[in-house]
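Please treat every number below as a calculation from the coordinates, not as lab data. In this text, all values refer to a predicted model and were calculated from it rather than measured experimentally. Note: ideal-geometry Cβ built from the backbone for every residue, glycine included; neighbour counts use all protein chains shown.
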Amino acid sequence: MRIVVLAGGIGGARFLRGLQQAAPDADITVIGNTGDDIHLFGLKVCPDLDTVMYTLGGGINEEQGWGRTDETFHLKEELAAYGVGPEWFGLGDRDFATHIVRTQMLSAGYPLSAVTEALCDRWKPGVRLIPMSDDRVETHVAVTLPDSGERKVIHFQEYWVRLRASVAAEAVVPVGAEQAKPAPGVLEAIAEADVILFPPSNPVVSVGTILAVPGIREAIADAGVPVVGLSPIVGDAPVRGMADKVLAAVGVESTAAAVAEHYGSGLLDGWLVDTVDAAIVERVETAGIRCRAVPLMMSDLDAAARMAREALTLAEEVRGA
Ligand code: GDP
Ligand code: CA
């Protein structure tokens, strides 16, 4: 079975680990979000691709959900001693090596997709990890700064990590997405897929950014195979992080039903919500999306695997309908 998954960082990576347990023989292609990418200290950092790579490759800091195990921060401290920041973005010594290798290969002319493949040669994530695009896409957020009242457009990481989404996101723009082309292999993987899954990743700044690359949304809608998603919103709030802030920016309420409707029946065939949201199943089905309520908390690997099994079961139900 060929499965294509559109993934952001933590939610995507943890789900993928469950999917590997649930479908050990499946051929899994991950289309990774690169809208979170940022240049720091002259290096190209791809947080979501790395979270997937480290999580599936056994190098992730489990408690944090991002960054490396056994990490130290000497380099960052030395940079800070020179007054060189930003100090708000956590880059550890081990993690730095990944960004140095990536930047070196990009400077030598390799596209990001080839660089990602080379990095994965070390980590052996057990999936094919492809960035959504080799072209530069960077999500920016329009905000009004509370102290000065100044309206500013800032990089997504500055909004998410430095400001902790503490001010309203007035707009979320994947800068460069309109001109970006899907990376080699992306459209082919979608066309050859038996099932397409949206893990419980951020619907706006992870899955939404991937869908903003021209051609990807259309390819998924036209693939003619079941497309099933899992809600990152449980009990009207994100399980982790501040997804509600970016959902508000696109006019979507923070409920599992509203997120399903936001994707729409033109794209989604099936949607899993948590059992605490069982009351909204009918609303989602009325929108033309087959819906089931099952436990959606990835408290451990087995729980994530059960979620993946439920998603594949729902996909088979859709296929048989
Ligand atoms: P990011 O790039 O690291 O922010 O990660 P993703 O975009 O892949 O996923 C972030 C989303 O995952 C957040 O909106 C969370 O609500 C969601 N999430 C995290 N853990 C869980 C979980 O255990 N269950 C569900 N249903 N969603 C989760
Ligand atoms: Ca992310």
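Find which of L129, A293, A81 sits farthest along the positive direction of the dipole of the chain, computed with +1 on the beta-carbon of Lys and Arg, -1 on that of Asp and Glu, about the Cα centre. The one lying farthest along the dipole's positive direction is A81.
Taking R0 as 25 Å, what FRET efficiency do you get between D121 and R309 from their Cβ-Cβ distance, rounded to the nearest 0.05? Intermediate values should be presented prior to the final figure.
Numbers: r = 30 Å, r/R0 = 1.20.
After rounding, the FRET efficiency stands at 0.25.
Ordering of 115-128, 41-54 by packing is 41-54, 115-128, highest average first (other Cβ atoms within 10 Å, averaged per residue). Amide H to amide H distances under 5 Å link R128 with I28, T29, V30, where only residues 5 or more positions off or on other chains count and H is placed in the peptide plane. The alpha-carbon of K76 sits under 12 angstrom from the alpha-carbons of these aspartates and glutamates, leaving out residues fewer than 8 places away in its chain: E87, D93, D95. In the stretch 31-138 the Cα-Cα distances spread across 5 Å bins starting at 0 as 2, 12, 23, 26, 20, 12, 5, 1, 0 percent of all pairs. Only the Cβ atoms of Lys and Arg (+1) and of Asp and Glu (-1) were treated as charged; on that basis the dipole of the stretch 1-88 about its Cα centre amounts to roughly 280 debye.
In the chain, the longest principal axis of the Cα atoms and the axis of helix 93-107 are about 90 degrees apart.
When peptides 83-93, 263-273, 2-12 are sorted by average Cβ neighbour count within 10 Å, with the highest value leading, the order is 2-12, 263-273, 83-93.
Taking Cα centre as origin and charging only the Cβ of basic (Lys, Arg, +1) and acidic (Asp, Glu, -1) residues, the dipole magnitude of the stretch 1-152 rounds to 380 debye.
If I take R0 = 41 Å and measure r between the Cβ atoms of S299 and R151 in this structure, what FRET efficiency does the formula 1/(1 + (r/R0)^6) give, to the nearest 0.05? Could you put the intermediate results ahead of the total?
Values: r = 41 Å, r/R0 = 0.99.
Step by step, r from the Cβ atoms, then E = 0.50.
Remark on the chain: Rg and Dmax equal 18.9, 63 Å (Cα only). Estimated from helices alone, the mean residue ellipticity of the chain at 222 nm is -11000 deg cm²/dmol (sum of -39500 (n - 2.57) over DSSP H runs with n ≥ 4, per residue).
For helix 47-57, report the angle its Cα long axis makes with the longest principal axis of the Cα atoms of the chain; keep it between 0 and 90° and round to the nearest 10°. The angle comes out at about 70 degrees.
How many angstrom separate the Cα center of the stretch 78-123 from the Cα center of the stretch 206-247? The distance from the Cα centre of the stretch 78-123 to that of the stretch 206-247 comes to 27 Å. Between 0 and 90 degrees, rounded to the nearest ten: what's the tilt of helix 10-22 against the longest Cα principal axis of the chain? Taking Cα atoms only, the helix is inclined about 50 degrees.
Each residue of the stretch 296-309 was assigned a 3J(HN,Hα) from its phi angle through the Karplus curve 6.51 cos²θ - 1.76 cosθ + 1.60 (θ = phi - 60°); the sequence is 10, 9, 7, 5, 8, 4, 4, 5, 5, 5, 5, 4, 5, 4 Hz, with glycine and proline shown as x.
Pull out the extension gain between K181 and A114, defined as 0.36 nm times the separation in residues minus the alpha carbon to alpha carbon distance; nm, one decimal.
Details: separation 67, 0.36 × 67 = 24.12 nm, distance 1.51 nm.
Gain on stretching K181 to A114: 22.6 nm.
Here the 3J(HN,Hα) profile of the stretch 198-210, calculated from phi with Karplus coefficients 6.51, -1.76 and 1.60 at θ = phi - 60°, is 9, x, x, 8, 4, x, 9, 8, 10, 5, x, 5, 4 Hz, Gly and Pro shown as x.
Counting neighbouring beta carbons within 10 Å and listing from fewest to most, the residues D36, D277, D222 come out as D222, D277, D36.
Couplings 3J(HN,Hα) for the stretch 275-284, derived from phi with the Karplus relation 6.51 cos²θ - 1.76 cosθ + 1.60 (θ = phi - 60°), are 4, 5, 9, 3, 5, 9, 3, 4, 4, 5 Hz, where x marks Gly and Pro.
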